[in-house]
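Take a look at the structure below.
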């Protein structure tokens with residue numbers, strides 16, 4: 001009898017990192033795999049689902065304007081309960097540290113369904129930073145039956161918490177980047193013009209900001225730093241503005257500056273094209289810290305703490321939201337731009353195969 005696997009996710013990064021697993025299981029005759037999305041981030045998630053032709057079997061469609069995480073948690077558990085009763089999967093696969101992943105893991109555990117946690121063991125050991133992600137991933141790891149860890153440090157973190165069933169697999173982001181770049185999707189004329197102009201700049205900077213802990217004063221300070229950086233010669237900055245209304249409150253700081261390109265959210269393939277081309281990344285994103293390592297790009301991490309300390313001192317630098325600190329580290333990176341040593345921090349692109357092999361032995 002075929003084993004049934006249910007993927008549950010709700011955001012663009014989760015979809016991207018689970019994509020290599022989904023692709024392998026599509027061709028596997030010994031399992032049945034289905035996909036349930038919460039649409040926690042509806043627009044950005046739909047964009048990548050369409051781009052990668054990921055077929056969704058269940059959509060909880062739960063995104064609301066300026067949503068609160070506690071409400072989202074309640075709604076996911078309520079709706080997912082019915083789907084788990086219908087499907088009765090042998091295994092639920094969740095990824096990372098979102099509210100969707102945590103809620104799915106809790107609901108599955110209460111129904112005695114096995115859970116596999118992809119990208120387990122990341123920690124800052126501070127529940128407030130990042131919030132609520134640190135809480136989410138701690139809960140998921142404690143109740144998962146299979147914990148797939150990207151690095152040896154992640155294994156060490158979970159051993160300290162007395163968590164079992166740990167597997168060192170690398171990170172599926174490497175697999176995903178390699179798979180998606182091979183597809184060579186078409187881009188629009190406007191995007192091609194943007195990237196061609198970007199390539200001609202001497203210092204190319206890619207900016208992304210979206211985390212809840214940066215809303216308000218920290219975001220203003222970050223934008224002030226970006227504006228200061230833009231005054232340097234031969235600098236070009238591209239910033240896909242996140243749709244969250246808390247981001248848009250301060251976007252006026254960066255408007256009407258000729259060398260700061262404020263653009264609408266772009267698809268993941270276009271993001272990879274910019275990451276390949278850029279010199280420096282400024283971001284509070286966890287995923288982009290990993291993608292920076294794939295492309296060997298320097299990144300200023302716009303957070304006080306990171307759950308990916310493996311990159312620090314190699315390609316990554318923690319700068320938080322302090323305007324002067326961000327600018328100071330930017331100047332230091334420019335001076336060290338000749339350092340092109342490569343680091344293979346998250347594996348070589350075989351993570352998904354390793355994970356599927358383990359799953360098939362354990363279910």
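The values are calculated or read from the model by the stated rules, or taken from the named source; none is laboratory data. Note that this is a predicted model, so its numbers are computed, not measured. Glycine also receives a Cβ, built like all others from the backbone with ideal geometry; neighbour counts cover every protein chain displayed.
One line per residue, one yes/no per condition, for (1) under 25 Å from residue 336 (Cα atoms); (2) touching a helix residue (DSSP H, G or I) at 6+ places or on another chain (Cβ under 8 Å):
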site	(1), (2)
172	no, yes
190	no, no
208	yes, yes
240	no, yes
246	no, yes
251	no, yes
256	no, no
268	no, yes
Practice task
Kindly list the number of the only condition in (1) under 23 Å from residue 47 (Cβ atoms); (2) not in a strand (DSSP E or B) that fails for residue 207.
Solution key: (2)
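Considering each residue of the range 140-171, count those that are on the phi > 0 side of the Ramachandran plot and surrounded by 24 or more Cβ atoms within 10 Å (Cβ to Cβ), and give that number.
Within the range 140-171, residues that are on the phi > 0 side of the Ramachandran plot and surrounded by 24 or more Cβ atoms within 10 Å (Cβ to Cβ) number 0.
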Exercise for the section: Looking at (1) more than 14 Å from the chain's Cα centre (by Cα); (2) within 16 Å of residue 178 (Cα to Cα); (3) modelled with pLDDT under 95, find the lone condition where residue 305 falls short. Expected result: (2)
Practice task
Report yes if residue 87 is out of contact with any helix residue (DSSP H, G or I) (no Cβ under 8 Å at 6 or more places or on another chain), at negative phi and touching a residue at least 24 places away in the same chain (Cβ under 8 Å), otherwise no.
Solution key: yes
Problem - Per-region count, the range 79-98, residues over 17 Å from residue 33 (Cβ atoms) and surrounded by fewer than 24 Cβ atoms within 10 Å (Cβ to Cβ) - result: 4
Practice task
Could you look through the range 249-273, keep only residues that are touching a residue at least 60 places away in the same chain (Cβ under 8 Å) and within 19 Å of residue 15 (Cβ to Cβ), and pick out the one that is surrounded by the most Cβ atoms within 10 Å (Cβ to Cβ)?
Solution key: 268
Fill in the blank from the handout: Going through the range 20-52 in order, the residues found to be surrounded by fewer than 24 Cβ atoms within 10 Å (Cβ to Cβ), assigned to a helix (DSSP H, G or I) and in contact (Cβ under 8 Å) with a residue 24 or more places away in the chain are 22, 23, 24, 25, 43, 44, 47, 48, 49, 51
Practice task
Test residue 220 against the criterion of being surrounded by fewer than 19 Cβ atoms within 10 Å (Cβ to Cβ), in contact with a helix residue (DSSP H, G or I) (Cβ under 9 Å, 6 or more places away or on another chain), in a helix (DSSP H, G or I) and touching a residue at least 40 places away in the same chain (Cβ under 8 Å), and give yes or no.
Solution key: no
Exercise for the section: Could you check how many residues of the range 223-248 are over 20 Å from residue 327 (Cβ atoms), touching a strand residue (DSSP E or B) at 6+ places or on another chain (Cβ under 8 Å) and either in a helix (DSSP H, G or I) or touching a residue at least 60 places away in the same chain (Cβ under 8 Å) (or both)? Expected result: 0
